[in-house]
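The structure is given below, and queries will be raised subsequently.
The values are calculated or read from the model by the stated rules, or taken from the named source; none is laboratory data. Keep in mind the model is a prediction, meaning the values are calculated, not measured. Cβ placement follows ideal geometry from the backbone for every residue including glycine, while neighbour counts extend to all protein chains displayed. Heads up: the accessible areas ignore ligands, DNA and RNA and are worked out on the full protein's heavy atoms, side chains in. Shrake-Rupley method; radii C 1.70, N 1.55, O 1.52, S 1.80 Å.
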Amino acid sequence: QVRLVESGGGLVQPGGSLRLSCTASGIDVNTETMAWYYQAPGNQRELIASITSGGWTNYVDSVKGRFTIARAYAENTVYLEMNSLKPEDTAVYYCNTLEPRPGSWGPGTQVTVSS
């Protein structure tokens with residue numbers, strides 16, 4: 001059974017930084033294409049960044065140049081380094097594979113960007 005637990009969110013001022021972590025069990029993040037998604041208030045969950053098993057990364061335009069997705073091989077963990085945060089980045093952030101299995105979503109972690 002896939003279990004994903006996100007952490008690292010919080011309240012940060014505009015321009016600040018956060019690093020989110022996603023610890024996985026039941027899957028090997030090194031062999032999957034892993035992704036970060038966010039869900040802003042009133043909106044659907046959206047894909048924002050992904051990393052293939054070969055290390056290729058892809059980002060939506062709104063986070064390109066500010067966010068970095070990475071993996072820790074030995075820890076079976078995926079990270080999202082977020083810099084130059086903006087109020088519009090406020091959302092609940094989730095990690096998952098690029099093709100999420102039913103019932104695999106974790107609780108997410110709340111990121112609030114506000115002065």
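Quick one: Karplus J couplings for region 49-63, per residue in order, coefficients 6.51, -1.76, 1.60, θ = phi - 60°, nearest Hz, x for Gly and Pro?
3J(HN,Hα) across region 49-63, in whole Hz: 7, 8, 9, 7, 4, x, x, 6, 10, 8, 9, 6, 4, 5, 10.
Short version: ³J(HN,Hα) in whole Hz for each residue of region 26-32, in order, from phi by Karplus 6.51 cos²θ - 1.76 cosθ + 1.60 (θ = phi - 60°), x for Gly and Pro, what are they?
x, 9, 9, 5, 7, 10, 9
By the scheme Lys and Arg +1, Asp and Glu -1, what is the net charge of all other residues having a beta-carbon under 12 Å from that of Val63?
That works out to -2.
Can you check what the net charge comes to around Val78, using other residues whose Cβ is under 13 Å from the Cβ of Val78 (Lys, Arg +1; Asp, Glu -1)?
-3
Got a sec to turn the phi values of region 40-45 into Karplus ³J(HN,Hα) couplings, 6.51 cos²θ - 1.76 cosθ + 1.60 with θ = phi - 60°, whole Hz, x for Gly and Pro?
Here the 3J(HN,Hα) series is 7, x, x, 10, 7, 5 Hz.
Top mean-square fluctuation among Ile51, Ile27, Ile69, Gaussian network model of the chain, C-alpha springs under 10 Å?
Per the Cα network of the chain with a 10 Å cutoff, Ile27 tops the list.
Accessible area, 1.4 Å probe, largest first: how do Val113, Val92 sort?
Val92, Val113
Hey, another quick one. Just the number, please: percent antiparallel of the DSSP beta bridges in region 5-115, rounded to the nearest 5.
90
Along Cα→Cβ, 7 Å out, is where each label goes; now give me the distance between the ones at Val60 and Glu46 in nm to one decimal.
Simple spin-label model gives 0.3 nm for this pair.
Enter the accessible area per residue of region 17-68 (Å², integer; probe 1.4 Å; all protein chains in place).
In whole numbers, region 17-68 has 53 Å² accessible per residue.
Now for a different question. Please check the chain for the longest run free of chymotrypsin sites (Phe, Trp or Tyr not before Pro) that are loop-located per DSSP (anything but H, G, I, E, B) and have at most 14 other Cβ atoms within 10 Å.
1-55
For region 61-105, which trypsin sites (Lys or Arg not before Pro) pass both filters: DSSP loop (anything but H, G, I, E, B) and at most 15 other C-beta atoms within 10 Å?
Listed in order of number, the matching sites are Lys64, Arg66.
Further question: Looking at region 59-115, which GluC sites (Glu not before Pro) are DSSP coil and have at most 16 other C-beta atoms within 10 Å of their C-beta?
Glu75
Of the heavy-atom accessible surface of the chain (probe 1.4 angstrom), what whole percent is carbon and sulfur?
In the chain, the share of accessible area belonging to carbon and sulfur is 47 percent.
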